[in-house]
Amino acid sequence: MAERLAEEEKEALAALANAPPRRKSHSYSHQLRTNTGGHYPKRHHQIRNHSLDDDCIPRAAGIDNFYDSSDDEFYPYATAGNSSSSAEADSQRLDRRLSTSFDASDDGRQPLPEFVASGGDSGIFKVPVRAGVHPARPPCLELRPHPLRETQVGKFLRTIACTESQLWGGQESGVRVWNLVDAYEPGIGIGGRARRGDEDCAPFYESGNTAPTLCLFVDNGSKLVWSGHKDGKIRSWKMDQPLDDTTFKEGLSWQAHRGPILSMAITSHGDLWTGSEGGIIKIWPWEAIEKSLSLSPEERHMAALLVERSAIDLKSQVTVNGACSISSSDVKFLLSDHVRAKVWAASSFSFSLWDARTRELLKVYNTEGQIENRVDVSSIQDQAVEDEMNVKFVSKSKKEKSQGSSFLQRSRNAIMGAADAVRRVATKGAGAFVEDAKRTEALMITADGMIWTGCSNGLLVQWDGNGNRLQDFHHHPSAVQCFCTLGTRIWVGYMSGMVQVLDLEGTLISGWISHNSPAIKLVVGGGYVFSLATHGGIRGWNISSPGPLDGILRSELAGKDLTYTRQENVKLLVGTWNVGQGRASHDALVSWLGSMVSDVSIVVVGLQEVEMGAGFLAMSAAKETVGLEGSSVGQWWQDTIGKTLDEGSTFERVGSRQLAGLLIAIWVRKTLRTHAGDLDVAAVACGLGRAIGNKGGVGLRLRVYDRIMCFVNCHLAAHLEAVNRRNADFDHIFRTMVFSRSSNLLNAAAGMVPYLFLSFSLAFCTYLFWLLYSSGLPLVLSITAGVAGAAPILRSTSQSGGINPEDTRPDLAEADMVIFLGDFNYRLFGISYDEARDFVSQRSFDWLREKDQLRAEMKAGKVFQGMHEALIRFPPTYKFERGKAGLGGYDSGEKKRIPAWCDRILYRDNRSTSTSKCSLECPVVCSILQYASFLPFSLIVHLQGLRLEGAYSLTSYHLLGRYEACMDVTESDHKPVRCKLNIEIARVDRSVRREEFGNIMKCNDKIKSVLQELCYVPETVVSTNGITLQNQDTTVLRITNKSGADHAVFQILCEGQSTVQEDEQPSEYRARGGLGFPRWLEVSPAAGIIKADQVVEVSVRHEESHAQEEFVDGGVPQSWWSEDTRDKEVILLVVVRGSCSIETRSHRVVVRHCFSAKPMRVDSKNSASGRKNPGSSSSSHQRPALRHTGSASDMVDELRSLRGL
């Protein structure tokens, strides 16, 4: 019992803070208070006995924890009186501190006093703006809130498509659909049928499992949504079908390609075009699709065979003797130009233009608009690079080997060759990135018939319908990802998450950040522009934004923030330790971390010097260059710490990042795991040439309750005098740290990476010793710096996506909370080794803090601007002799390094002022709590001996801060430091806010008035409602805009076709795919814009349907599939809308074609042999003679007979 009491006394006394002590005769307190450094008597060659050398702490150290006469930034500073009144002063201070700090109603917990660095109110160090409703962008309909990445494995959304009543999404396991009428409904919740990640999502329905969906296309003619999949299949899905909680099934499907389907389009004549890898383009004639759709579900297999046999392979048609007229690159985009009946096919660097009716190749040109007469030989450049690399590693001849100097010399040559090869790859890579800036990333046609492309450097290019490049626009430096258009507006989505609104002239109207990740798809429907981000979140932006509706919505939503605000509380444990290449015992880890995690939800651990040495640093730099990181020792540390934290049962390891000797890892309690995820990692080297990882930072970024938290483990420059270098290291880390899911490495060199790394690894071990001997360490590091130096350049280029660093805030600046931890290496200045030990021995830490370099630099605003650090109440953590317990373990060797607080933990939250409370405007508020605990009775007696009678009523409590060092751990020359933070988080209940959003949209009178204005459609007049055509006749249809003010946007579609019966009555009208025209009818222009009081003339022309080029692979004229010599009748639908309206008006025009005589049937062989492509010889593009298989009905009968039906 007595031993336990004594132990309690020792622990309590060790935790007490530091009142100015009664100095020994050799105390330098007066000098330290008046001097800034350097003016102290020198005491060389003296051997002094310090109180630190004793294991026990002296009695005078007992009461410092109750009061701390620290800097003015904490509390008003009072000058110490003379020693005769010190006991009375201690009593008064103790009484005042305990009476103000302890509140039993709050469990005795109050925030620990903090020091706040200057410079946090401007520039990149300014706290990011937060609000319940974002002030810098229009209010949005959050159809699907940002789901955590970990919840979407196998279910990521990759594309979306929209009808007037539904939004369809293509995901990795099928498709899903939202009925827009339910868009404002609350989420299904965890207890519903929604899985994790979709709890707050608007109600949706999912299909059965399929291969990943890569593209979607809406077919309003057949009321189907077509999907292209990674397995090469095309699947159809019915629009507006009744849906329930069960998964819905696909309709017609068939195997279209061997590789993935990358793009789809339906032409102005109803045919379905698909693009795949290797430049493959296939056409699926509407006649075959229509016949297959008419078959019963039991005949599904036969329907698929019917469509598969109808395919037209365009690449094979333009390939002669192995030479192809089009690019062999992947067909990323297909675009149907309904205005001119053409189809654009786009790869990354070239375009091909096709006639939608005749399917002839019209033109091939590059991204500069230059016509290409190409004979495509795939991957010539890549082959050259590969050949060059092979030369680097080719074996020498036997004669050369025999003449070689030595094995070590050959090893040296091998590694120098490897380094040179990496540099060459980097040079080529940099050039490749310049070329990649011209890569086509998006393709679109606008209402005026202009074609727009977006490039990876942010360039927007306008083309005419014939493939002539007209003009360029550059409104944002990030890569373009997607387009959409409605009326006279264009929306552009960028890699940065930016969405911009342009007019048809390319003038920028507005822009805002739509998501915190790339906006990969934009679609229009239901009065909204829906944006899809890479993380799977979907937001809807009103088509009138920016406009008066935004201000009304913002004001109304902000006024209801209390209804959708939720408060959360999370406790976080942060630990840092410079392990000095050692390994910790289980007891040490328990003392450091395990003893503190009982009420903690997140644990972040940063280690420094996990491994060091020239060989390891060089190898680490090489591994970073080729995309590898981590080590076996680093993995040991993670596994060992995981066992201490009961990983698997209580905590889950979320992720880690290692850069040479720097390691950071994070664990999350399983009960919090549903709200924590989206882990990203980063690394910044600050060593030699900013390439070697012996110094630098590694970071983790985690989303917790929709708030971004960043953790950065740093090891900054060493040595007392290197203050400016340390400041520069921090600034470099803060500005350049870029987070990503994994290391963004050079993909172009991926094929060469195994050879480079294998060569480097084999040669390095033998070469290192020779090089160290002959050239010294600096040359080793210079080589590895040259090798590794390529990686940051390429990494920064690929990560930025073309963004100018000056035009954007760093990732760390945009976080809600940033915590820096690590061995910052700031020392004590203006103090000698002996003096520092004296102050530590008397636990006079307040005096030592005045000599702390980090405190001085933070106060001057030179480093860690705006960041907080709790009051330091523990001894300096550097430098100790390994294995020596207690404070007597400070370095007593020859160098006698001055003790210092090298190991620190700092943070920045959302508070702009110290009085800010947790709210949606200040969503993350941190504090480091100090706990009031009972003092042992024997310690009270000890305090009585100091005659502190006035404090007896409260001396049964003492205050313990949660920013402390573990002085009992002896495995390293540094002591581990830990900090427990209490984090208050204000978050938005997305489901409730969406419901409030819907109520405002439906009930607010001002919004109703604004929406009514969006329903305006200009008055238009069509010259006739009936047209009769003979063979190859042309009639002009005039459309007049009589509005007098607004532009009218028109589009002409074919509502259906019918055959006129003998009684002159048309049969049932049947629509073609995409509401396309029959092959015998040409309408030009089929879309456009009519200015106020202007007239547009549309040519309606009959074309001979039995043209020689209209044959399919079966040898059957296309006209035989759907047409005969009877009169035909179609209904043209002239759809008119305003320049930015959500409503349309339609005019119907009946067009009848009367046959004057039966056309002649053309022999398939003769017609095939006579076909030519522009610019080719008479035999260049002959199609092979194929067997005549008859009509579509005959094919169906044949397939049935084959199956025995």
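Among all residue pairs at least 6 apart or on different chains, which show Cβ distances below 7 Å where the first residue, located in the stretch 546-565, is β-branched (Val, Ile, Thr) and the second is surrounded by fewer than 16 Cβ atoms within 10 Å (Cβ to Cβ)? Cβ pairs passing all conditions: Ile552/Lys1006. Within the stretch 462-469, is there a residue that is over 30 Å from Thr163 (Cβ atoms), assigned to a strand (DSSP E or B) and open to solvent by 30 Å² or more (accessible area, probe 1.4 Å)? Yes, that holds for at least one residue.
Considering only residues in the stretch 660-672 that are open to solvent by 10 Å² or more (accessible area, probe 1.4 Å) and in contact with a strand residue (DSSP E or B) (Cβ under 6 Å, 6 or more places away or on another chain), the one that is modelled with the lowest pLDDT turns out to be Lys670. Within the stretch 318-343, if we keep just the residues that are under 30 Å from the mean Cα position of the chain (by Cα) and in a strand (DSSP E or B), the residue that is surrounded by the fewest Cβ atoms within 10 Å (Cβ to Cβ) turns out to be Leu335.
Hey, can you tell me all the residues within the stretch 117-165 that are of a type in the set (D, E, K, R) and within 30 Å of Trp237 (Cβ to Cβ)? Break it down stepwise before answering.
If we filter the stretch 117-165 for residues that are of a type in the set (D, E, K, R), which is where we start, we get 121, 126, 130, 137, 142, 144, 149-150, 155, 158, 164.
The answer is Glu142, Arg144, Arg149, Glu150, Lys155, Arg158, Glu164.
Residue-wise test of (1) over 32 Å from the mean Cα position of the chain (by Cα); (2) in a loop (DSSP other than H, G, I, E, B); (3) in contact (Cβ under 8 Å) with a residue 24 or more places away in the chain.
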{"residue": "Arg235", "(1), (2), (3)": "no, no, yes"}
{"residue": "Asp240", "(1), (2), (3)": "yes, yes, yes"}
{"residue": "His269", "(1), (2), (3)": "yes, yes, yes"}
{"residue": "Ile283", "(1), (2), (3)": "yes, no, yes"}
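Looking at Ala265, Ala256, just one residue is hydrophobic (A, V, I, L, M, F, W, C), touching a residue at least 60 places away in the same chain (Cβ under 8 Å) and surrounded by 21 or more Cβ atoms within 10 Å (Cβ to Cβ), and that residue is Ala265.
Please specify each residue of the stretch 206-248 satisfying the condition of being of a type in the set (Phe, Trp, Tyr) and either modelled with pLDDT of 95 or more or open to solvent by 40 Å² or more (accessible area, probe 1.4 Å) (or both). Result: Phe217, Trp226, Trp237. Taken over the stretch 998-1018, residues that are open to solvent by 100 Å² or more (accessible area, probe 1.4 Å) and within 18 Å of Arg1148 (Cβ to Cβ) amount to 0.
Every listed requirement among (1) more than 24 Å from the chain's Cα centre (by Cα); (2) closer than 25 Å to Pro135 by Cβ; (3) among the aromatic types (Phe, Trp, Tyr) is met by Trp463 save one, (2). Under the condition of being open to solvent by 40 Å² or more (accessible area, probe 1.4 Å) and β-branched (Val, Ile, Thr), the residues counted in the stretch 486-519 number 3.
Can you pull out every residue in the stretch 644-672 that is under 13 Å from Glu629 (Cα atoms), part of a loop (DSSP other than H, G, I, E, B) and of a type in the set (A, V, I, L, M, F, W, C)? Selection gives Ala660 alone.
If you go through the stretch 119-132, how many residues are in contact with a helix residue (DSSP H, G or I) (Cβ under 7 Å, 6 or more places away or on another chain) and either open to solvent by less than 20 Å² (accessible area, probe 1.4 Å) or on the phi > 0 side of the Ramachandran plot (or both)? Residues meeting the conditions: 3.
Scoring Leu607 on the criteria (1) buried (at least 22 other Cβ atoms within 10 Å of the Cβ); (2) at pLDDT below 90; (3) not in a helix (DSSP H, G or I) leaves a single failure, condition (2). Screening the stretch 876-890 for residues that are surrounded by fewer than 18 Cβ atoms within 10 Å (Cβ to Cβ) and not aliphatic (A, V, I, L, M) and picking the one that is farthest from Val579 (Cα to Cα) gives Gly888. The condition of being buried (at least 18 other Cβ atoms within 10 Å of the Cβ), in contact with a helix residue (DSSP H, G or I) (Cβ under 6 Å, 6 or more places away or on another chain) and among the hydrophobic types (A, V, I, L, M, F, W, C) holds for Leu549. The set of residues from the stretch 1000-1041 being part of a strand (DSSP E or B) and free of Cβ contacts under 8 Å to residues at least 60 places away in the same chain comprises Val1021, Thr1040, Asn1041.
The values are calculated or read from the model by the stated rules, or taken from the named source; none is laboratory data. Small disclaimer: the values here were computed from a predicted structure and weren't measured. Glycine also receives a Cβ, built like all others from the backbone with ideal geometry; neighbour counts cover every protein chain displayed. Ligands, DNA and RNA are excluded from the accessible area calculation, which covers all protein heavy atoms including side chains. Shrake-Rupley method; radii C 1.70, N 1.55, O 1.52, S 1.80 Å.
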